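J.: Sharing a structure below in structure tokens format, with a few things to ask.
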Amino acid sequence: MKKKHHKKKVSSTKKWSAKLHLWFGLSVGIIVFIVSLSGTLYVFKDEIQNSLRKEAIYIKNVDAGKKPLSINLLREKLSLELHEKHPISAVEIPLDKNKSYRFFYYEKSKKGWNYFQQVLISKQVYVNQYTGQILAVYNEKYDVFTILKYIHWSLLLNSEWGPYMVGIPTVLFIIMLITGIILWWPKNKNARKGRFWFNWKNIKNWKRKNYDLHNVLGFYASFIALLLSITGIYFAYPYVKNVFNFALSGSVNLPKEKEIKSPDSLMAKNENIFDLAAAQTEKLYSGSASFRISLNGKNKKGKELKNLPVTIYGQEGRFSERSLLTFDKYSGKLLADRPHQKLTIAEKYSNANYDIHTGSYFGIVGKIIWFIAGLMCTSLPVTGFLVWWGKRKKQGKKI
């Protein structure tokens, strides 16, 4: 008697996982490809820029006893030489005396449907603080890394709704990663052996090789890709941030900065206000990497600041270790000191999310791992599409 061959029953979980994986992959695959590629190319931005801008960052032959010029004087000198219609927004001062000051021009409009229409100006000017000499001017608006960043963030669309064009596909990508792991998961130990690495010794068929690439690379990339995706939607959706805040500190919202009324608001404004703030910051945070002072009296949203905030960065190339000093904007008196160590866990995570997303939080090793994982994520929509296309052609031939 002939033995009957029974088809293996596919569990409903795997069946639905396969459908969701396919539908979402075909619908947002191209966006996942663009976002993954732009993010991967952005990973080593600091290392590449620091190398290319070395001559502007470092000042040669600095005398030990030489003091920098007044920040106000440097600002006025830049304004006269560069003739920009927008004011200088901030200055970043390194604690390393051999490094130059970095002045920022940044102005944004709420109008416009894309990045280029919204960002009116974005420039960085490196200045020798001892002589006032302009060492270099970089137009960040058209810099390749800035463009990669905004492709990754909003596909170069309006900053209000552009992030949703990336955020929604990212949520679907998270579902694809989970369903991909379900589909990858082998039923027994024997099947598991061929899922961790390529076994192409006797395989010549490109379809099988492509299928293995999608499976194996997808498995290894999935765990870091989940972390990248979750830290990405943390930026895009406020409610995701609220969930993190509640989980880490028991409160949906981060603690609001107390508005301190200036006790010296009736006084004439001290002309050396920025230098006073800089001197106190250097004294209090002498072990930090750099600090940034707002010069135009506005925050990132364009609202007028009631005081003078100074943001201190503990480590170079990292945003996670941040402290904040608040000075009276009339007299330069120190009003508040919020060191990184005294922040809540949710606040510390909020500061660290960008570094975790880019891999810089884990140093150069983290960046290398993130870069490799990013390349794998970039390949997944391509290999996945080819798997679907190969099956489609095969089914077409049978008909």
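J.: So, in region 253-284, of the ones that are under 25 Å from the mean Cα position of the chain (by Cα) and open to solvent by less than 70 Å² (accessible area, probe 1.4 Å), which residue ends up modelled with the highest pLDDT?
T.: Among those residues, the one meeting the criterion is Leu254.
J.: Restricting attention to region 129-149, and to residues there that are touching a Lys or Arg at 6+ places or on another chain (Cβ under 7 Å) and in contact (Cβ under 8 Å) with a residue 60 or more places away in the chain, which single residue is surrounded by the fewest Cβ atoms within 10 Å (Cβ to Cβ)? Outline the logic, then answer.
T.: Narrowing region 129-149 to residues touching a Lys or Arg at 6+ places or on another chain (Cβ under 7 Å): 130, 132, 136-140, 145.
Adding the requirement that they be in contact (Cβ under 8 Å) with a residue 60 or more places away in the chain leaves 130, 132, 136, 138, 145.
Working: Tyr130: 17, Gly132: 17, Ala136: 14, Tyr138: 18, Phe145: 16.
Of everything passing the filter in region 129-149, Ala136 is surrounded by the fewest Cβ atoms within 10 Å (Cβ to Cβ).
J.: Against the condition at negative phi, in contact with a Pro (Cβ under 8 Å, 6 or more places away or on another chain) and small (Gly, Ala, Ser), how does Ser154 come out, does it pass? Steps first, answer last, please.
T.: Values: at negative phi: yes; in contact with a Pro (Cβ under 8 Å, 6 or more places away or on another chain): yes; small (Gly, Ala, Ser): yes.
Answer is yes for this residue.
J.: Step by step: first the residues of region 102-117, then only those that are surrounded by fewer than 20 Cβ atoms within 10 Å (Cβ to Cβ) and part of a helix (DSSP H, G or I), then the one that is nearest to the chain's Cα centre (by Cα). Which residue is that?
T.: If we take residues in region 102-117 being surrounded by fewer than 20 Cβ atoms within 10 Å (Cβ to Cβ) and part of a helix (DSSP H, G or I), then Phe116 is nearest to the chain's Cα centre (by Cα).
J.: Would you check if there is a residue in region 40-57 being touching a Lys or Arg at 6+ places or on another chain (Cβ under 7 Å) and closer than 30 Å to Thr131 by Cα?
T.: So in region 40-57, the residues touching a Lys or Arg at 6+ places or on another chain (Cβ under 7 Å) come out as 42-44, 57.
Next, from what is left, pick out any that are closer than 30 Å to Thr131 by Cα: 57.
The answer is yes, given that some residue of region 40-57 is touching a Lys or Arg at 6+ places or on another chain (Cβ under 7 Å) and closer than 30 Å to Thr131 by Cα.
J.: Output the number of the condition that Leu308 fails; it satisfies all remaining conditions of (1) farther than 30 Å from Trp185 by Cβ; (2) at pLDDT 90 or above; (3) open to solvent by 30 Å² or more (accessible area, probe 1.4 Å).
T.: The single condition Leu308 does not satisfy is (3).
J.: Something else: Taking the condition of being of a type in the set (D, E, K, R) and either in a strand (DSSP E or B) or open to solvent by less than 40 Å² (accessible area, probe 1.4 Å) (or both), how many residues in region 288-305 meet it?
T.: Filtering region 288-305 for residues of a type in the set (D, E, K, R) gives 292, 298, 300-301, 303-304.
Then keep just the ones that are either in a strand (DSSP E or B) or open to solvent by less than 40 Å² (accessible area, probe 1.4 Å) (or both); that gives 292, 298, 304.
Number of matching residues: 3.
J.: For Thr40, are the conditions met, namely being closer than 21 Å to Thr358 by Cβ and either open to solvent by 20 Å² or more (accessible area, probe 1.4 Å) or at pLDDT 95 or above (or both)?
T.: In short, yes.
J.: Select from region 334-378 the residues that are assigned to a helix (DSSP H, G or I), farther than 30 Å from Gly180 by Cβ and hydrophobic (A, V, I, L, M, F, W, C) and write down the one among them that is most open to solvent (accessible area, probe 1.4 Å).
T.: If we take residues in region 334-378 being assigned to a helix (DSSP H, G or I), farther than 30 Å from Gly180 by Cβ and hydrophobic (A, V, I, L, M, F, W, C), then Ile345 is most open to solvent (accessible area, probe 1.4 Å).
J.: Within region 36-88, can you find the residues that are touching a Ser or Thr at 6+ places or on another chain (Cβ under 9 Å) and either of a type in the set (Val, Ile, Thr) or within 30 Å of Ser379 (Cα to Cα) (or both)?
T.: Within region 36-88, Ser36, Leu37, Gly39, Thr40, Tyr42, Val43, Lys45, Asp46, Ile57, Ile59, Ile88 meet the criteria.
J.: Next question. Which number in (1) part of a helix (DSSP H, G or I); (2) over 30 Å from Ile30 (Cα atoms); (3) in contact (Cβ under 8 Å) with a residue 24 or more places away in the chain marks the one condition that Ser331 misses?
T.: Condition (1) is where Ser331 drops out.
J.: Testing Lys60 on (1) at pLDDT below 95; (2) in contact with a helix residue (DSSP H, G or I) (Cβ under 8 Å, 6 or more places away or on another chain); (3) of a type in the set (Lys, Arg), one condition comes back false. Which one is that?
T.: (2)
J.: I would also like to ask the following. So, in region 69-101, exactly how many residues are in a loop (DSSP other than H, G, I, E, B), out of contact with any Leu (no Cβ under 8 Å at 6 or more places or on another chain) and open to solvent by less than 90 Å² (accessible area, probe 1.4 Å)?
T.: 6
J.: Next question. On the basis of being at pLDDT below 95, closer than 30 Å to Thr358 by Cα and not basic (Lys, Arg), does Leu295 make the cut? Talk me through it step by step, then tell me what you get.
T.: Details: at pLDDT below 95: yes; closer than 30 Å to Thr358 by Cα: yes; not basic (Lys, Arg): yes.
When the stated conditions are applied, Leu295 passes them.
J.: Let me ask something additional. Looking at this structure, is Ser122 within 30 Å of Asn158 (Cα to Cα), modelled with pLDDT of 95 or more and within 24 Å of the chain's Cα centre (by Cα)?
T.: So Ser122 fits the description; yes.
The values are calculated or read from the model by the stated rules, or taken from the named source; none is laboratory data. Here the structure is a predicted model, which is why all the values come from computation and not from measurement. Every residue, glycine as well, gets a Cβ built from its backbone with ideal geometry; the counts of neighbours run over all protein chains shown. Areas reflect the complete protein model, heavy atoms only, side chains present, ligands, DNA and RNA absent. Shrake-Rupley method; radii C 1.70, N 1.55, O 1.52, S 1.80 Å.
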